Amino acid sequence: MKIKLLFLALVLTMFSSFSYAQFDKPVFQLGVGLVNPDMQMRGNDYLSYTNQFRYVNQVLNVDTTFTLPYQIALVDSSLFGKNMGAKTGFYINGTAKINVDKYDVFRLVGSLSFSSFNSFQPTKSGYIPVFTTTYIQQRPIDYDYSLNNFGLALGVEVAPTAFTKVVSPFVGANLTFNFLNAKLSRTTGPNDSTSFNVTDFRMGLNLNAGVEFRVNPQWGFVLGAKYDFGNLLFKNIDRTGMYEWGRTNASINDEEGYYTANIYDPLGLPYRSNVKNEAKTLNWATFYIGVNFYPSMKTTPKK
C-alpha cells in the first residue's frame, strides 16, 4: 500500500506541475557510468564446475548422481531460480529536465537509459557430457551470458541552489518502466550453437541524487548516483512456460513457484520438472558522470 501511495503521489505531482513548466528553459543531460546489481539481481558465477552431476526428475521418479573422470561445466541451478546472475556493468542515459518555477528549483524529469550488467564478464569454457542411448560423450562447450535493461523514467527533482547558476545539489524520484532482457548462449561446435532468452516488463521506482556544476551559461557537468527498485509492479511466475534452449520469450519468474527446464543439464537428458523458483527483488545502484546542456529557447513576446 505504501508503494502504491508513493506512485500516486509522484503521478499527481508531475501532472500538477506540468501546467507551470517553463518550456523555454530546458536542460539536456548525457551521462555514462557503472551499474552495480543488488539483492536477487546479483549472482555468483552462473556456471558450476564439478565432476559429479545429480539429475532429479520427480515426474519420472529419477534421482541419480553421475560421477565422471573429468570436470564438467554446467549452468548453475541458482541462475534464474534464485537470482538473475548480474555483475557490475556499463550504463548510459539521456535526460531532459523542465523547470517548473522561475528559480529553477523544481523540475519535471524524463529520461531514457540502457544498463548492460555483465559488460566485463568474458565467455566461459569447459566440457559437457552428451548422453546418447549407448554411451556418454565428452564435448567442449562455450557459454556466454548477458543481462540488459532498457529503462524509461518520469519524475520530479528538487535543486535548492539552482538559482545560483554555479553549483547545484539535487534529489529526485522517478517512476520507471523497465524492459529487461537476459540471454544465455552455448556453443558446442561450429554447427551447434543455441541460446535461451528471458524478456519481460516491470514497473518500479528510482531515487536519484547528485551535484551539477555550471561552467558557463551553455553547459556544465554532473556527478550523480541513483538506486532502482526495478520490479515493484507486475511480478509473476510462468508455471506453464519452459526454460529451454532455443526459447526467445521466457518470463523472468520473479514470484515464488515452479517451472520446467533443460538448461541446467547435460545434452540428451529429459526436461527437469518442478524446478524451485524463489521470489526475487530486482534492485541496482548506478554511479554516473555526465554533461549538461542549457540551450537558449527564448520565445518572442507577442505584440
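Residue-by-condition table, conditions (1) assigned to a strand (DSSP E or B); (2) touching a residue at least 24 places away in the same chain (Cβ under 8 Å):
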position: T134; (1), (2): no, no
position: Q137; (1), (2): yes, no
position: A153; (1), (2): yes, yes
position: A173; (1), (2): yes, yes
position: S185; (1), (2): yes, yes
position: K235; (1), (2): no, yes
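Of the residues that sit in the stretch 78-101 and are aliphatic (A, V, I, L, M) and within 26 Å of D238 (Cβ to Cβ), which one is surrounded by the most Cβ atoms within 10 Å (Cβ to Cβ)? Reasoning before the result, please.
Step one: filter the stretch 78-101 for residues aliphatic (A, V, I, L, M), giving 79, 84, 86, 92, 96, 98, 100.
In the following step, the residues that additionally are within 26 Å of D238 (Cβ to Cβ) were identified as 79, 84, 86.
Values: L79: 22, M84: 26, A86: 28.
Of everything passing the filter in the stretch 78-101, A86 is surrounded by the most Cβ atoms within 10 Å (Cβ to Cβ).
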Step by step: first the residues of the stretch 51-77, then only those that are crowded, with 17+ Cβ neighbours inside 10 Å and aromatic (F, W, Y), then the one that is modelled with the lowest pLDDT. Which residue is that? Y55
Filter result (within 20 Å of the chain's Cα centre (by Cα) and either surrounded by fewer than 16 Cβ atoms within 10 Å (Cβ to Cβ) or basic (K, R) (or both)) within the stretch 120-143: F120, P122, T123
Just to be sure, is F201 under 28 Å from T88 (Cβ atoms), surrounded by fewer than 21 Cβ atoms within 10 Å (Cβ to Cβ) and out of contact with any helix residue (DSSP H, G or I) (no Cβ under 8 Å at 6 or more places or on another chain)? yes
If the requirement is being modelled with pLDDT of 95 or more and either surrounded by fewer than 20 Cβ atoms within 10 Å (Cβ to Cβ) or among the β-branched types (V, I, T) (or both), which of these qualifies: F117, F170, F179? F179
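The values are calculated or read from the model by the stated rules, or taken from the named source; none is laboratory data. Quantities reported herein were computed from a predicted structural model and do not represent experimental measurements. Here Cβ is always computed from backbone atoms with ideal geometry, including for glycine, and neighbour counts include all displayed protein chains.
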